[in-house]
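> Before anything else, here's the structure in question.
Bear in mind these aren't lab numbers, they're just calculated from the coordinates by the rules spelled out. Since we're looking at a predicted model, the values are computed, not measured. Every residue, glycine as well, gets a Cβ built from its backbone with ideal geometry; the counts of neighbours run over all protein chains shown.
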Amino acid sequence: MPAREHRDGFATRAVHAGGEPDTLTGAVSPPIYQTSTYAQLGVGRPRGGYEYARTQNPTRERLERAVADLEGGTFGIAFGSGSAATATLAELAEPGERVVVGDDVYGGTYRFFEQVARRRGIDARYVDLAAGEAGVLASALDERTRLVWFETPSNPLLKVTDIAAVARAAHAHVGARGEAPVVVVDNTFASPALQRPLTLGADVVFHSATKYLAGHSDTVLGVVVTSRDDLAGRLRFLQNAMGAVPGPQDCFLALRGLRTLALRAERHAANALAVARFLAGRDDVAWLRYPGLADGRFAHPQAVLASAQMAAGGGMVSFVPAAGGRHARTARDRAIAVCESTRLFTLAESLGGVESLIELPAVMTHASVAASPLEVPEALIRLSVGIEDAVDLVADLAAALDGA
């Protein structure tokens, strides 16, 4: 009998997917095709189908192929940013149709649905999908529902939603156009190194590839992956028609980042768990969420689900300091003091880079949800835990908390 075909592991694919040596020269680091157009063999006879770089670019195609492979999907479509991916995916819904959205999402996603999509007749309804996922979703679905859209873990409260349960509930429903709603999962916080939503039943997975995929805080980029021909065809059309494509240099940087994704994801998660355990042991921490924390007073409420759905808890930690401290400050003032006094954690928006970042979502990444049902606690601190030595990161936070 023929030998069973060997399937390379994730770390191997992260190094090699999309990174095949250049066919012309054998260059191990593939070239950047920094071009806007291509010479054609004759009128209407492009070389290899390449006509114009908004439509096709070899460097972008490598990235799209690589992320699709890592997510276990068939088609990858890259965009100029995660927000561009969001806007394009929202085009799958028509005026008069509904999108059911998880009630904890990136502030820019909420801003888009409320200030852009709603103005063209797309109705967004926000639901806590992490609370009794299938049952809560079933009550929110109606005959107008076109998309079911959520993050897991979510930003910034780190809610964990059962992807398979939501997919089953959504696909059993008859929504807009007499079809089952399309299940869209933002996998930015986990990355395919830790979680692959398509294998759990999602129709579409997407990323702000700016974050863990690229991993070095030096590019802005988005990627969508699906295995459905119909969705891929529509998204590819929209990618070209709307023109929100990334440049080849950005695609190259993301491809370079993918090669170390498996190693980085392991270190991010190990460091984040160490930070979460440290914070959980402090009396001056009032609230803490980390998907990999399974015991103690701050055990994550979906820790069991997280361990089943994710390979590790990821690199994001959110917490609220207690009021008081050496200066008898409010929780919000202590949070600001902590954010402004760390040495290794840089006060900055974004996440997923090799360096650790700290921010106050209420006035930074999530300012757009202020005074809305999605408003986040004013004293919430969000950490993107990097790949430095864990002992140094813990010492940095200890000094900041002690001084606040």
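> If packing is taken as the mean number of other Cβ atoms within 10 Å per residue, what is the order of 385-395, 192-202, highest first?
Averaged packing, sorted descending, gives the order 192-202, 385-395.
> Would you kindly state how much longer the chain becomes between GLU5 and ARG297 on full extension, computed as 0.36 nm times their sequence separation minus their alpha carbon distance, in nm to one decimal?
Taking GLU5 through ARG297 to full extension adds about 100.4 nm, to one decimal.
> Assuming R0 = 45 Å, can you tell me the calculated FRET efficiency for the pair TYR52 and SER139, based on Cβ-Cβ distance, to the nearest 0.05?
0.45
> Here is a follow-up. What spacing in nm lies between the two simple spin-label points modelled at GLU91 and SER307, each 7 Å away from Cα in the Cβ direction?
4.4 nm
> How much length is gained if the chain between LEU41 and ARG177 is pulled fully straight, taking 0.36 nm per residue apart and subtracting their Cα-Cα distance, in nm to one decimal?
Difference between extended and current length: 44.6 nm.
> Taking the alpha-carbon centroid of each part, what is the distance from region 4-34 to region 344-390 in angstrom?
34 Å
> Have a look at the DSSP beta bridges in the chain and tell me what percent are antiparallel, nearest 5.
In the chain, approximately 60 percent of DSSP beta bridges are antiparallel ones.
> Does region 88-215 come out rounded, prolate or oblate, given a ≥ b ≥ c as the square roots of the eigenvalues of its C-alpha gyration tensor, rounded meaning a/c under 1.5 and, failing that, prolate meaning a/b above b/c?
Since a/c reaches 1.5 but b/c is at least a/b, the shape of region 88-215 is classed as oblate.
> Moving on. Along Cα→Cβ, 7 Å out, is where each label goes; now give me the distance between the ones at ARG343 and ALA398 in nm to one decimal.
For ARG343 paired with ALA398, the spin-label model returns 1.3 nm.
> Relative contact order for region 261-403: what is it in percent, counting Cα pairs under 8 Å that are at least 6 residues apart?
After rounding, I find 25 percent.
> Another question, then. If I stretch the segment between VAL28 and VAL15 completely, what's the gain in nm (0.36 nm per residue apart, minus their alpha carbon distance), one decimal?
Taking VAL28 through VAL15 to full extension adds about 3.5 nm, to one decimal.
> Treat each spin label as a single point 7 Å out from the Cα along the C-beta direction, and report the ARG120 to ASP283 distance in nm.
Result: 5.6 nm between the two label points.
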